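Only one structure is covered here, and it is reproduced in the block below.
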Number of protein chains: 2
Amino acid sequence: MVERGKRGVAERLGPDDWARAALAALAEGGLGAVAVEPVAVRLGVSKGSFYWHFANRRALVEAALAQWEAGTERVIARLESLDGPVARMRTLLDLAFGDAENAAISFRLISEVDDPLVGEVVRRVSRRRLEFMQEVLRELGQSEEEARRRVLAAYGGYLGLAALVRIGAVDEVSGSLVDLAMAELGLPPAAPS
Amino acid sequence: MVERGKRGVAERLGPDDWARAALAALAEGGLGAVAVEPVAVRLGVSKGSFYWHFANRRALVEAALAQWEAGTERVIARLESLDGPVARMRTLLDLAFGDAENAAISFRLISEVDDPLVGEVVRRVSRRRLEFMQEVLRELGQSEEEARRRVLAAYGGYLGLAALVRIGAVDEVSGSLVDLAMAELGLPPAAPS
DNA sequence: CGGCCTCCATACGGTTGCGTATGGAGGCGA
DNA sequence: TCGCCTCCATACGCAACCGTATGGAGGCCG
């Protein structure tokens, strides 16, 4: 049992812990839920701790966004060392869209584009994903125009259908959204075993 | 010049004016911007006026949502008295998605689905639009399954692409989003003159 | 063991928005 | 004209959140 004011050195908090907690709050309640006191409560700490690690709330949001963007970069980097283009695409979609929390974060960030910090990051990450997907299609022999068109259709279609499912306008779609996106790209629905 | 405390009877405010202003605030700043004092300022009035017409903020949000839903119903009702299915579909898309403020409101409401009031309305309106579009495709001879699939692809694709354009991840799409949706539905891009 | 440094708690003031209370200005009918 | 009714302004208390100030507990090191 952890008593008041007694915290082992190993379980002390760092900026990364705060950023992680901020991302969790973001996924659950949107950018407005990334508030100092609520996140502090989530970590079982008080505001005094927060303002030791961060200058202000803006710094927390920036740290959370940076951690999220780094995660997406880590995913793409891991893809480079994969065998085929199809497998890379499939893995990208699975990692980027399959994870529920990650999908929720993307949704929240798109919703809060008006915030300058959020806008810059979500715009950069989206462009990165789109260009990576387009590059994969190019490797598979599709033309520049067709690759562009299919990537937009697949990414946009995924986002829109995910939104429709989220709001409850659509009960279910046949198969997974990732499989649908693969089909839009003109690729086989499952990676070859 | 309107002086302080002097307001002609004709220019007095009613609940509809507040709902309209609330929708404008919603389109610009999201649900959080639908706050009593800011909207009052927008109307050049003070809170005292608001609480005469409404019980609380919740009532204002409900009135705004009702007015928006009534607008979409009015659009659909107007479509019934149109010549062909293709023209009805085209007009629906134009009215529902072509108008910038309406599109912005839809985006905001989808973003705030977690709010129970918003969720109910946006779910109902989305279902209504989807079923109307599906019905039009049925009239054109498409099968139940194909109509469903194409409607989801068109509506979802529109939502996703609109989001990508809004966040600045995509600079421009070839042609209008409405034309793209029409193509997804298997319909000619422009209504026959 | 005494002093310092790190991490955190508590307390406070400032801002913003919600909701209430109270009163005032002007139209309108008796 | 007098009184009422409608619409709105002003002032207040309350709550949530941001940021600051101050102090305290515990590890570490001379």
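No value in this document is a laboratory result; all are computed from the given coordinates. Just so we're clear, the structure is a prediction, and the values are computed from it rather than from any experiment. Positions of Cβ are generated from backbone atoms using ideal geometry, with glycine treated the same way; all protein chains shown enter the neighbour counts.
A few points about this structure:
- Here the label points at B:Ser174 and B:Glu131, each 7 Å from Cα along the C-beta direction, are separated by 3.7 nm in the simple model.
- Chain A: angle of helix A:15-29 to the longest principal axis, Cα-based, in degrees nearest 10: 60 degrees
- Euclidean distance of C-alpha centroids, the stretch B:167-192 and the stretch B:89-156, integer Å: 15 Å
- Prolate/oblate/rounded call for the stretch B:73-129, Cα gyration tensor, a/c under 1.5 rounded: prolate
- For chain B: relative contact order, % (alpha-carbon pairs under 8 angstrom, 6 or more apart): 18 percent
- Global form of the stretch B:5-138, assessed from the alpha-carbon gyration tensor, a/c cut-off 1.5: prolate
- Value at 222 nm in deg cm²/dmol, rounded to 500, when DSSP H runs of n ≥ 4 in chain B each add -39,500 (n - 2.57): -22000 deg cm²/dmol
- Using alpha-carbon coordinates, inclination of helix A:116-139 to the longest axis of chain A, degrees: 30 degrees
- Ordering B:151-161, A:31-41 by mean Cβ neighbour count within 10 Å, with the highest value first, yields B:151-161, A:31-41.
- Computed E for A:Trp52/B:Glu139 - FRET, C-beta separation, R0 45 angstrom, nearest 0.05: 0.10
- Whole-Å semi-axes of the ellipsoid equivalent to the stretch B:63-193 (Cα gyration tensor, √5λ, descending): 23, 19, 14
- Most positive-pole-ward Cα, A:Gly186, B:Leu31, B:Ser174, against dipole of the protein assembly as shown from beta carbon charges: B:Leu31
- For the stretch B:29-96: relative contact order, % (alpha-carbon pairs under 8 angstrom, 6 or more apart): 19 percent
- For the segment B:149-155, counting C-beta atoms of other chains within 10 Å of every residue's C-beta and taking the mean gives 4.
- Around A:Leu177: net Lys/Arg minus Asp/Glu count, Cβ-Cβ under 12 Å: -3
- Value of Rg to Rh for the protein assembly as shown (Rh from inverse mean 1/r over Cα pairs, i.e. Kirkwood): 1.02
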